[in-house]
Amino acid sequence: MTNLDKIFKANDVRGIYPNEINEDMAYKIGRATAKFLRTREIVVGRDNRLSSESLSKSLCEGILDEGVNILDIGLVTTPAFYLTIIKYDFKGGIMVTASHNPKEYNGFKFVKDDALPLGMDSGLDKIKKMVKKGFIRKWDGKRGRLNRREILSHYLKNILRFADIGKIKPLKIIIDTANGTAGIVVPELFKNFPIEVIHIFSELDGSFPNHDPNPVISENTTALQKKILSEHADLGVSFDGDGDRVIFFDEKGERVGPDLIAALLVHYLFENVGKILYTPVASKIFREEIKRSHNEPICSKVGHTFLKNKMVNQKIFFGAESSGHYYLKDNYYVESPFIVLIKVMELISEKKKSLSELIGPFNKYYRDREDFKVKNQNKLIKRLENKYKNASKLSLYDGLTVEFPDWWFNFRPSNTEPITRLVVEAKTKILLDKKLKEIKSLIIE
């Protein structure tokens, strides 16, 4: 029996296929989710991982055995899946994906009405209990009906309502979709834009032969960065496996942190719009820019379940995560990577500046991130808390956040991977290196 505690995460279900997640598990999850949602029809989408089609079929069998209908939208990005549920007023859905995880993983993302995610405190715990109890395969009773629909055209139309194509000058852009489902969107979306798109790793291949579908990891974007330089491109972007996060690179091939992109958008586009959301791992420049632009900063725990629920409940205008997720109230609080890309292109064109020139004023701090596999997270957090008890600010809101006037750090367990993540930021590179070394000496025993 699969260890359910291992695969049921704070925001979704993820594990290694087929040892931790397989067709039997998918069937049970389908049954349990259908029972929990208590709706007549559930939307099912999937990414292009090698196991996704088979898992999706078993998932659908479980839903149908509960007498619930299915709208199967097939191969899609996760934002397109969310948009389908919101636009057509469905009361729930399941996306078969492991997002940015390596190829051996797969999983499920769950939403209720308005595409609000189900987390451990909002229904996922109940689904887990039903899966643990188990199901006997039904051979009688009325089964649900399966329908299919193409939704790409609707997704494209929604993105384009945010675009002012007339503002965009001829640009050359390198786009890496990592052999994932964002590759479906790119050629259709940009065919009427006055830009040259060089699309690398565009073929859908769930074995991810070129690199893992996680653009946050530097080794996964080496080819993109080289291509930007060799093609003398204006910028480049890299998407993850299910197309809900995007990482930017300037014309020099240099990575631009998502918090800097968020600060850029707030500076030029979101002056005095109301509430803007950040997380405890966000760069200080993003928080500073929220206040400078006469907006109210709102902090949320890391993870789309926490962010989206807070954004909807408090009607927050814009939110961003340091992993490359961007959320807009005007886009139904759905992840909006392509909309953000279009807005960055508009700014480059309108301001007549390169991306590095636009970002320059926000490059005020030095930042690093390291991941650790630790045995006792709580013990380590307590040790760090004691070490830095005289900090200007100390919070246990999401892991441990410690702030001093000229540097800060956050140490927290990942919601999606079996690691604990350290983020350190400082005013100088020397101070960053010193504090990173200092904290690591306390973590590594």
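General observations
- Estimated translational D of the stretch 60-129 in µm²/s (Stokes, Kirkwood radius over Cα pairs; 20 °C; 1.002 mPa s): 164
- Dmax and Rg, reported as Rg then Dmax, of the stretch 4-150 (C-alpha, Å): 13.6, 40
- Here the translational diffusion coefficient of the chain follows from Stokes-Einstein with Rh set to the Kirkwood radius across Cα pairs; for 25 °C and 0.890 mPa s it amounts to 109 µm²/s.
- Spin-label model, D433/D72: points 7 Å from Cα along the beta carbon direction are separated by 5.7 nm.
- Rg/Rh for the stretch 172-254 stands at 0.93; both radii use Cα atoms, and Rh follows the Kirkwood definition.
- Computed on the chain, with alpha-carbon pairs under 8 angstrom and 6+ residues apart, the relative contact order is 12 percent.
- Note on N210 and R38: their simple-model spin labels are 4.7 nm apart, each label 7 Å out from Cα toward Cβ.
- Surrounding net charge for G180, when Lys and Arg each add one and Asp and Glu each subtract one, Cβ distance under 13 Å: -4
- Evaluated at q = 0.13, 0.26, 0.27 Å⁻¹: base-10 log I(q)/I(0), Debye formula over Cα of the stretch 216-285: -0.46, -1.18, -1.22
- Take the Cα of E385, go 7 Å toward its beta carbon, and the backbone nitrogen atoms of the stretch 278-310 under 20 Å from that spot belong to 280-281, 300-302.
- Residues I217 and N19, FRET efficiency given R0 of 22 Å [Cβ-Cβ distance, rounded to 0.05]: 0.40
- Over the residues of the chain, the helix contribution to mean residue ellipticity at 222 nm works out to -10500 deg cm²/dmol, using -39500 (n - 2.57) for each DSSP H run of at least 4.
- The stretch 200-346, relative contact order [Cα under 8 Å, separation at least 6], %: 18
- Largest-first principal axis extents of the Cα set of the stretch 366-443 (Å): 31, 22, 21
- S122-K157 pseudo-label distance in nm [points 7 Å out on the Cα-to-Cβ vector]: 2.8
- Along principal axes, Cα extents of the stretch 257-364, largest first, whole Å: 38, 26, 25
- For K227, a cut-off of 15 angstrom between C-alpha atoms picks up these aspartates and glutamates, skipping any fewer than 8 places away in its own chain: D176, E196, E219, D250, E251, E254.
- Paramagnetic reach from K291 in the stretch 252-282 [backbone N under 19 Å; point 7 Å along Cα→Cβ]: 259-260, 262-268, 270-282
Only the coordinates and a few stated rules stand behind these numbers; no lab work does. Predicted model, so just to flag it, every value in this text is computed and none were measured. No Cβ is skipped: glycine too gets one built from the backbone with ideal geometry, and neighbour counts run over all protein chains shown.
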